[in-house]
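Single-structure report; data block below.
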Amino acid sequence: MPPPFRGGNVESHANELPGAVPEPENHADDQVNESRSKVAQLEKAVDSHAAIDQAIGVIVAVGRLTLGQAWDLLRETSMSTNIKLRHVAELVVTWGVTGKLASDIREELASRLNGST
């Protein structure tokens, strides 16, 4: 006969009882949370990709460059200004609409455009 229960957490000792069947581990919540996180990451990636594609289009139109040259220009501008590519792309797209662009980005783009023509 097992010793009598003398207090404590019943749940922590439940699997030690004779004939006890352990509760199945339920990872459904973890899987749902992981899936939500992946979906959020994918949505952000799609948005970033769209902004980058649009910025490349603006640079192609303004700079009369090829797609490859525009991509290089955008990427190099991001690296030289130490601003994330996605953010530089968003600024370039906004520039295409408003005509306004931060001076550091504008100067970097102008310098690279003048050097590539």
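Using the Karplus curve 6.51 cos²θ - 1.76 cosθ + 1.60 with θ = phi - 60°, what ³J(HN,Hα) values do you get for each residue of region 94-111, in whole Hz, with x for Gly and Pro?
With coefficients 6.51, -1.76 and 1.60, one gets 4, 4, x, 8, 9, x, 10, 8, 3, 4, 5, 6, 4, 5, 5, 4, 4, 4 Hz.
How much net charge surrounds residue 102 when only the other residues with a Cβ under 13 Å from the Cβ of residue 102 are counted, with Lys and Arg +1 and Asp and Glu -1?
-2
Restricting everything to alpha-carbon atoms, can you work out Rg to Rh for region 30-116 with a Kirkwood hydrodynamic radius?
1.10
Extending each Cα 7 Å along its Cβ direction at residue 82 and residue 64, get the distance between those two points in nm, one decimal.
3.6
Where does the charge balance sit around residue 55 when Lys and Arg score +1, Asp and Glu -1, over other residues with C-beta under 11 Å from its C-beta?
Neighbour charge sum, excluding residue 55 itself: 0.
Tell me, what ³J(HN,Hα) does each residue in region 29-42 have, in order and in whole Hz, if you take phi through Karplus 6.51 cos²θ - 1.76 cosθ + 1.60 with θ = phi - 60° and put x for Gly and Pro?
4, 4, 5, 5, 5, 5, 5, 4, 5, 5, 4, 4, 5, 5
Report the extension gain between residue 46 and residue 33 in nm, rounded to one decimal, defined as 0.36 nm multiplied by the number of residues separating them, less their alpha carbon distance.
Full extension of this stretch gives 2.7 nm more.
Of the peptides 61-69, 89-97, 101-109, how do they stack up when ordered by the mean number of other Cβ atoms within 10 Å, highest first?
Ranked from most to least packed, the peptides come out as 89-97, 101-109, 61-69.
In the neighborhood of residue 83, defined by Cβ-to-Cβ distances under 14 Å, what is the net charge if each Lys or Arg adds +1 and each Asp or Glu adds -1?
Result for the neighbourhood of residue 83: -1.
Quick check: pseudo-label points 7 Å beyond the Cα along Cα→Cβ at residue 110 and residue 72, how many nm apart are they?
About 2.3 nm separates the two model spin labels.
Computed from the coordinates by the stated procedures, all read-outs in this text should not be read as laboratory data. On a predicted model such as this, the values are computed, not experimentally measured, just so you know. Cβ sites come from the backbone with ideal geometry, for glycine too, and all protein chains shown count toward neighbours.
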